[in-house]
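Structure record follows, encoded as structure tokens.
The values are calculated or read from the model by the stated rules, or taken from the named source; none is laboratory data. From a predicted model like this one, the values you see are computed outputs, not experimental measurements. A quick note on method: Cβ atoms are made from the backbone with ideal geometry, for glycine too, and the neighbour counts reach across all protein chains shown. Each accessible area value is taken on the protein alone, full model and side chains, heavy atoms only, with ligands, DNA and RNA left out. Shrake-Rupley method; radii C 1.70, N 1.55, O 1.52, S 1.80 Å.
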Amino acid sequence: MVVRENLVLGANASKNSTLTLVFLAALKGVVGFYSGSSVLIADAVHTSLDIFASFAVWVGLKLSLKDSAEKFPYGYYKADNLVSLFVSIIILFSGVELVREALLNITNPVEMKLQGIALGAAVFSVITMYVLSKYKARVGRLIDSQALIADAIHSYTDVFSSLIVVITIAGSMSGMPWLDSVGVLIISLMIFKLGTGIARDSVLTLMDAWLDKDSITRIRQNVGSIQGVKTVGEIRLRKSGLVVFGEIEIEIEGDANLKRVDMLSEEIEKIVKNEVKNLEHLVVNAKPGKMSVMKIAVPVLMQEGLHSKVSGHFGRAPYFIFIELEDGKIKSWDISENPASDLEKKRGLKTTEFLKNRGINVLIVGEIGEGPFHMLRDSFVKMLQMPEAAEDVEKVVEKVSELSTLTAPTE
């Protein structure tokens, strides 16, 4: 909905710009004709080109408002980028025209009539073009429209070309008709630089290049810091008109069940939206990561190391043994007293907090309630079913790869 509102806002700005340019072109053309100012007539022609460019932006934004179709499942958003490329070509053409005008004025100085009226029309054009460029730039940045921003830059260059007209007329009135030619040549270089820059960005965007590399780095760092995300793979972003489509690959700790992936996808999308304006759609491809190191917790009845008798209970277990298993071999272990075993209320939740603080990623348990189960699962802890005939911890750990995964609370 926000994207559609932005497109409407941009289309209205382009329409207003087109109407304003029609008025300016007519004003400069009429005054130029009656005053005999060839430079004012040339500027009217130049503004007529701007009408075409502004109208093209309006058409592009209107096309972007069309709903997606079978042939265009991603919508018509790239019409905005195509128009941006077209506008950049017009900007370069305008630069060529300005150079041509400058060279003509050097060899053929112009004598004008109605110089005061001509100067007034030129000054009015400067002010109007400046206000128009600021208006389009503000709306373009607000809705992040590459085409509208490009058109705003084009209008801003026209401020300078209109200033050239003012200088030309003022110079003619002061007996220095050559001033405009020098100024036009300087401004033309600026126009060429702007035009080539916009053309480059438009072509790269149409080829799905992502120009903001720093945003990719920040997204990778922030997504990698999410609990449950083990590694961040390839991140692909592409701009299509005002909107951005993205895809990110992650490796998660534990099982890649649907609920877990949905939870992570929502958090990842928030992070990407903070970095990328107008994110339309983000695909999160999640796959389970292999646990090279398993940090296992097992409830036990006594403190007898790996020979401790296992407990079938969760919250009421007096002790937990914590084992670090790497490549199927026990690296280290230690036993801690369960601080919640004697509590009358919230025993299971307090035990869960105790285990989470120990940083486990695997729990072997016989019975576990609904609250602790969901809390541990949401913290990406894999829960395995304790064998019914389990004796001591060592025998349970030896069979860890054979144990079934708990998919629901047992109590």
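Odds and ends about this structure:
- At full extension, residue 230 and residue 283 could sit 17.3 nm farther apart than now, given 0.36 nm per residue minus the alpha carbon distance.
- Potential lengthening between residue 124 and residue 142 on full extension [0.36 nm per residue; Cα-Cα distance subtracted]: 3.8 nm
- Here the Kirkwood formula, the inverse mean of 1/r across different C-alpha pairs, assigns the range 266-397 a hydrodynamic radius of 16.3 Å.
- Taking all protein chains together, 210, 333 sort by accessible area into 333, 210, largest first [probe 1.4 Å].
- If you plug the beta carbon distance of residue 220 and residue 26 into 1/(1 + (r/R0)^6) with R0 = 56 Å, you get a FRET efficiency near 0.55.
- Computed from the C-beta positions of residue 203 and residue 269 and an R0 of 22 Å, the FRET efficiency is 0.15 to the nearest 0.05.
- Here the dipole of the range 313-394 is about 420 debye; that uses its Cα centre as origin and unit charges on the Cβ of Lys and Arg (positive) and Asp and Glu (negative).
- Close amide-amide hydrogen proximity is noted between residue 319 and 300, 338, each under 5 Å apart and 5 or more residues distant or on a separate chain (H modeled in the peptide plane; Pro and chain starts excluded).
- Environment charge of residue 344, counting only residues whose C-beta is closer than 15 Å and scoring Lys/Arg +1, Asp/Glu -1: +4
- Phi angles of the range 392-404 translate, via the Karplus equation with coefficients 6.51, -1.76, 1.60 and θ = phi - 60°, into HN-Hα couplings of 10, 4, 4, 5, 5, 5, 4, 9, 4, 6, 9, 6, 7 Hz per residue; Gly and Pro are given as x.
- Surface share of carbon and sulfur [accessible, 1.4 angstrom probe, percent] for the range 337-388: 42
- Phi angles of the range 357-374 translate, via the Karplus equation with coefficients 6.51, -1.76, 1.60 and θ = phi - 60°, into HN-Hα couplings of 5, 7, x, 6, 10, 9, 10, 9, 8, x, 10, 8, x, 5, x, x, 4, 5 Hz per residue; Gly and Pro are given as x.
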